[in-house]
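K.L.:
Have a look at the structure that comes next, please.
The values are calculated or read from the model by the stated rules, or taken from the named source; none is laboratory data. Everything numeric in this text was worked out from a predicted model, so none of it was measured. Counting neighbours? That spans all protein chains shown, and the Cβs are built from the backbone with ideal geometry, glycine included. In case anyone asks, the SASA skips ligands and DNA or RNA and just uses the protein heavy atoms, side chains included. Shrake-Rupley method; radii C 1.70, N 1.55, O 1.52, S 1.80 Å.
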Amino acid sequence: MTCIEQILTRRSIRKYKNEPVSEEVLNNILEAGRCSPSATNMQPWYFVVARDHIAKEAFSFRGFNRFTLDASFIVLGFYKQSEVIIEKLSLMDVTIALQNMVIAGWVQGVGSCWMGAFDERKLKETLKLPADSRIVGAVAFGIPNENPSQPPKKPLNEIVHFDKW
Ligand SMILES: Cc1cc2nc3c(=O)[nH]c(=O)nc-3n(C[C@H](O)[C@H](O)[C@H](O)COP(=O)(O)O)c2cc1C
């Protein structure tokens, strides 16, 4: 499959096989985040890779996102409020890095699912994050054990305008 075919057929994966992701593949995923673009190349991102049960459990939220327990690992992305000037840019930078990891995982056979719902306080406590950390999001990764069909996506002509609105 070509790179563009891979990107167009990516799906969020919430069921994972009980198989480890190799250290090499994990490292490639993290490198994809490290090499992402960022505003003025500030690279304001920090990541915590959750692999043990207690760390993974911290991502479940009011009964949601229980699939995190079966994930091979979860990458949490944050920036430090004390280090940033324009928060919006840091938010964009960390988001881009996490999404680069999603794509890097997918092209290597690793499925993933973004998580925007989480208990920030619980995560900060459990993962011992710095006091000034601002969590942007988290992505669970694992070998896919489901093959979901594409959920409805808006057609291009509804969302794209050329040259003017
Ligand atoms: C910012 C963001 C937050 C999300 N949060 C969650 C979440 O907390 N739990 C979950 O199961 N899926 C979550 N998702 C996954 C979306 O539900 C999924 O991307 C969407 O349904 C489209 O499906 P697809 O990724 O297969 O195209 C999130 C996705 C994004 C981009």
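The rows are residues; the columns are (1) open to solvent by less than 80 Å² (accessible area, probe 1.4 Å); (2) away from the ligand (no atom under 16 Å from the Cβ); (3) in a strand (DSSP E or B); (4) modelled with pLDDT of 95 or more.
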position: Asn28; (1), (2), (3), (4): yes, yes, no, yes
position: Lys56; (1), (2), (3), (4): yes, no, no, yes
position: Thr68; (1), (2), (3), (4): yes, no, no, yes
position: Ile85; (1), (2), (3), (4): no, yes, no, no
position: Leu89; (1), (2), (3), (4): yes, yes, no, yes
position: Val102; (1), (2), (3), (4): yes, no, no, yes
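K.L.:
Since Ala39 meets every condition but one in (1) within 13 Å of the ligand (Cβ to nearest atom); (2) aliphatic (A, V, I, L, M); (3) over 21 Å from Glu146 (Cα atoms), which condition does it not meet?
P.N.:
Going through the list (1) within 13 Å of the ligand (Cβ to nearest atom); (2) aliphatic (A, V, I, L, M); (3) over 21 Å from Glu146 (Cα atoms), Ala39 breaks only (1).
K.L.:
Any chance you could count how many residues in region 125-140 are assigned to a loop (DSSP other than H, G, I, E, B) and either in contact with a Lys or Arg (Cβ under 7 Å, 6 or more places away or on another chain) or within 9 Å of the ligand (Cβ to nearest atom) (or both)?
P.N.:
Step one: filter region 125-140 for residues assigned to a loop (DSSP other than H, G, I, E, B), giving 127-132.
Checking the rest, the ones that are also either in contact with a Lys or Arg (Cβ under 7 Å, 6 or more places away or on another chain) or within 9 Å of the ligand (Cβ to nearest atom) (or both) come to 130, 132.
Residues in region 125-140 being assigned to a loop (DSSP other than H, G, I, E, B) and either in contact with a Lys or Arg (Cβ under 7 Å, 6 or more places away or on another chain) or within 9 Å of the ligand (Cβ to nearest atom) (or both): 2 in total.
K.L.:
Determine which member of the set Ser112, Ser38 is of a type outside the set (A, V, I, L, M, F, W, C), touching a strand residue (DSSP E or B) at 6+ places or on another chain (Cβ under 9 Å), at pLDDT 95 or above and more than 12 Å from Val139 (Cα to Cα). Show your work before the answer.
P.N.:
Values: Ser112 fails: more than 12 Å from Val139 (Cα to Cα).
None of the others qualify; the one that does is Ser38.
K.L.:
Test each condition in (1) surrounded by 15 or more Cβ atoms within 10 Å (Cβ to Cβ); (2) farther than 16 Å from Tyr16 by Cα; (3) within 16 Å of the ligand (Cβ to nearest atom); (4) at pLDDT 95 or above for Lys122 and report the one that comes out false.
P.N.:
Tallying (1) surrounded by 15 or more Cβ atoms within 10 Å (Cβ to Cβ); (2) farther than 16 Å from Tyr16 by Cα; (3) within 16 Å of the ligand (Cβ to nearest atom); (4) at pLDDT 95 or above, Lys122 fails exactly one: (1).
K.L.:
Oh, and also: Lys153 passes all but one of (1) more than 11 Å from the ligand (Cβ to nearest atom); (2) more than 15 Å from the chain's Cα centre (by Cα); which number fails?
P.N.:
With (1) more than 11 Å from the ligand (Cβ to nearest atom); (2) more than 15 Å from the chain's Cα centre (by Cα) applied to Lys153, the lone miss is (1).
K.L.:
Please find, within region 40-54, the residue that is farthest from the chain's Cα centre (by Cα) out of those that are on the phi > 0 side of the Ramachandran plot and open to solvent by 90 Å² or more (accessible area, probe 1.4 Å).
P.N.:
Of region 40-54, the ones on the phi > 0 side of the Ramachandran plot are 40-41, 43.
Restricting the remaining residues to those that are open to solvent by 90 Å² or more (accessible area, probe 1.4 Å) gives 40-41.
Values: Thr40: 22, Asn41: 20 Å.
Residue satisfying both the conditions and the ranking: Thr40.
K.L.:
Out of region 70-83, which residues are buried (at least 17 other Cβ atoms within 10 Å of the Cβ), part of a strand (DSSP E or B) and in contact with a Lys or Arg (Cβ under 9 Å, 6 or more places away or on another chain)?
P.N.:
Here is the first cut: in region 70-83, the ones buried (at least 17 other Cβ atoms within 10 Å of the Cβ) are 71-79.
If we keep only those that are part of a strand (DSSP E or B) as well, we get 73-79.
Matches in region 70-83: Phe73, Ile74, Phe78, Tyr79.
K.L.:
Also, quick follow-up: Go through (1) among the charged types (D, E, K, R); (2) out of contact with any Cys (no Cβ under 6 Å at 6 or more places or on another chain); (3) under 24 Å from Gln150 (Cα atoms); (4) surrounded by 20 or more Cβ atoms within 10 Å (Cβ to Cβ) and name the single condition Arg14 misses.
P.N.:
Status for Arg14: all satisfied but (2).
K.L.:
Across region 104-119, which residue is least open to solvent (accessible area, probe 1.4 Å) among those that are aliphatic (A, V, I, L, M) and within 11 Å of the ligand (Cβ to nearest atom)? Give the derivation first.
P.N.:
Within region 104-119, the subset aliphatic (A, V, I, L, M) is 104, 107, 110, 115, 117.
Restricting the remaining residues to those that are within 11 Å of the ligand (Cβ to nearest atom) gives 115, 117.
Numbers: Met115: 2, Ala117: 41 Å².
Top of the filtered list is Met115.
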